[in-house]
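> Okay, here's the structure, questions in a sec.
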Amino acid sequence: MNNTPFYICGPTASGKSSLSLEIAEQLDGEIVNADAFQLYRGLEIISAAPSQAEREILPHHLYGVLNPTESADAQRYVTLAKPVIAEILSRGKTPIITGGSGLYLKFLTHGAAPLPTADEALRAEMDARPLEDLVAQLHELDPLEASRTALQNRRFVSRALEICILSGQKASDLRDGWEKQTVEISSQLRGLVIQRTRLDLHARIAQRTRAMLDGGALKEVATLAQVSPNCEKAIGFREVRSLLAGEIDRHTCENLINAATRQYAKRQETWFRREKWLTPKLIA
RNA sequence: GGCCCGAUAGCUCAGUCGGUAGAGCAGUGGAUUGAAAAUUCACGUGUCGGCGGUUCAAAUCCGUCUCGGGCCA
């Protein structure tokens, strides 16, 4: 029996959770989270994590395993996911890896380049410097990388620089060495990406936002005392905070969350469109 | 009923002395290997409320009508 992992991807609110349950049933599988924010405990409502009822149907892994005070990243996700997947496979079950965090999935499926890990102190230092300054230094240390980096994007510039500084090597060399190995991996993967019309997706987003706000999102956010800067970025977190503080009304809050979610969904679609190994699954 | 203010992109609005219009938001497309629900790039033709007038030329000035909002009755 073929129990190689099965990936279920797609934009937020496209129905990944319920589809993954269906597919898990067909493939004798267990669900593994691939969502950056559903990793956190205490963000279940705002991150639209699977409900308690859904989790009781069959085993769900890597949901709510991190503290909101922690910061995750793609590498850490892989570190968490690999043993879980291996364990499921060892029992002869199929890992159904479900989520919308494109970068995390990419790391899991195609591996990580041999690059140095993020350095908080260095980042803080770089964040304090003007962008032009960082760009100039990158040009100096690694002209090739500078020439192919979006230099308006502070994140990308900082990261390239971080790699150069921490490794003492050129980011371009390290990255090129890795890219060459990725091509054949895709042919051994299986999975699907849910596609819906924008109209449909937008309607589902609106419906879900309303359900969140009616279903305890306010209480959830109010309860979260300390969160990492990472967690603060969850869509809905700031908006609900503003609502709780009386800065905006409920209607505005709902609209802001909807807009942010729609924009996120669009970025996810752009990402997954490039993942040619995923089979599109149109749902009308 | 009278007077005043407003009507310009899907929304909120800007538009100088008349020279046929542009911001923000929304939306769309893209980039994206350790912050990724992040970060970032590109994309602006619309009966300038309708009709008429003045003018070489009207979003802009004049008249009138319609629809909002306000004030006075």
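> Out of A:Ile57, A:Ile46, A:Ile88, report the one residue that is in contact with an Asp or Glu (Cβ under 7 Å, 6 or more places away or on another chain) and either within 18 Å of A:Glu220 (Cα to Cα) or loosely packed, with under 15 Cβ neighbours inside 10 Å (or both).
After applying the criteria, what remains is A:Ile46.
> Select from the stretch A:187-204 the residues that are of a type in the set (S, T, N, Q) and more than 10 Å from RNA strand B (Cβ to nearest atom) and write down the one among them that is nearest to A:Ile96 (Cα to Cα).
Applying the filter and picking the extreme gives A:Gln188.
> For the stretch A:95-112, which residues satisfy the criterion of being of a type in the set (A, V, I, L, M, F, W, C), under 18 Å from A:Ala72 (Cβ atoms) and surrounded by 16 or more Cβ atoms within 10 Å (Cβ to Cβ)?
Passing the criteria: A:Ile97, A:Leu105, A:Phe107, A:Leu108.
> Then there's this: Counting only residues that are in a loop (DSSP other than H, G, I, E, B) and in contact with a helix residue (DSSP H, G or I) (Cβ under 9 Å, 6 or more places away or on another chain), how many does the stretch A:154-197 have?
Residues that pass the stated criteria total 6.
> Which condition breaks for A:Glu232 when tested against (1) under 28 Å from A:Ala24 (Cα atoms); (2) within 11 Å of RNA strand B (Cβ to nearest atom); (3) exposed (fewer than 13 other Cβ atoms within 10 Å of the Cβ)?
(1)
> Let me ask something additional. Give me the pairs: first residue in the stretch A:71-99 and part of a helix (DSSP H, G or I), second residue among the acidic types (Asp, Glu), beta-carbon distance under 6 Å, and six or more apart or on different chains, which are they?
Short answer, once both residue conditions are applied: A:Ile88/A:Glu30.
> Across the stretch A:48-70, what is the number of residues that are farther than 17 Å from A:Gly99 by Cβ and free of Cβ contacts under 8 Å to residues at least 12 places away in the same chain?
Residues in the stretch A:48-70 being farther than 17 Å from A:Gly99 by Cβ and free of Cβ contacts under 8 Å to residues at least 12 places away in the same chain: 3 in total.
> Test each condition in (1) buried (at least 19 other Cβ atoms within 10 Å of the Cβ); (2) in a helix (DSSP H, G or I) for A:Arg238 and report the one that comes out false.
(1)
> Under the condition of being touching a residue at least 12 places away in the same chain (Cβ under 8 Å) and within 15 Å of the chain's Cα centre (by Cα), which residue from the stretch A:222-259 is farthest from A:Ala36 (Cα to Cα)?
Top of the filtered list is A:Ile235.
> While we're on this one: Please specify each residue of the stretch A:91-107 satisfying the condition of being under 22 Å from A:Lys266 (Cα atoms) and more than 10 Å from RNA strand B (Cβ to nearest atom).
A:Ile97, A:Thr98
To keep it simple, each residue is scored yes or no on (1) on the phi > 0 side of the Ramachandran plot; (2) of a type in the set (Lys, Arg); (3) modelled with pLDDT under 95.
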residue	(1), (2), (3)
A:Gly15	yes, no, no
A:Ile23	no, no, no
A:Tyr40	no, no, no
A:Ala49	no, no, no
A:Ala72	no, no, yes
A:Ile85	no, no, no
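> Name the residue, out of A:Gly42, A:Gly64, that is more than 9 Å from RNA strand B (Cβ to nearest atom), out of contact with any helix residue (DSSP H, G or I) (no Cβ under 9 Å at 6 or more places or on another chain), assigned to a loop (DSSP other than H, G, I, E, B) and more than 28 Å from A:Thr270 (Cβ to Cβ).
A:Gly64
> Filter the stretch A:250-284 down to residues that are assigned to a loop (DSSP other than H, G, I, E, B) and of a type outside the set (A, V, I, L, M) and give me whichever is nearest to RNA strand B (Cβ to nearest atom).
Across the stretch A:250-284, the extreme among qualifying residues is A:Glu275.
> Then there is this: What residue, of A:Asp173, A:Asp142, A:Asp133, is more than 6 Å from RNA strand B (Cβ to nearest atom), in contact with a Lys or Arg (Cβ under 6 Å, 6 or more places away or on another chain) and among the acidic types (Asp, Glu)?
A:Asp142
The values are calculated or read from the model by the stated rules, or taken from the named source; none is laboratory data. Fair warning: this is a prediction, and the values are worked out from it, not measured in the lab. Positions of Cβ are generated from backbone atoms using ideal geometry, with glycine treated the same way; all protein chains shown enter the neighbour counts.
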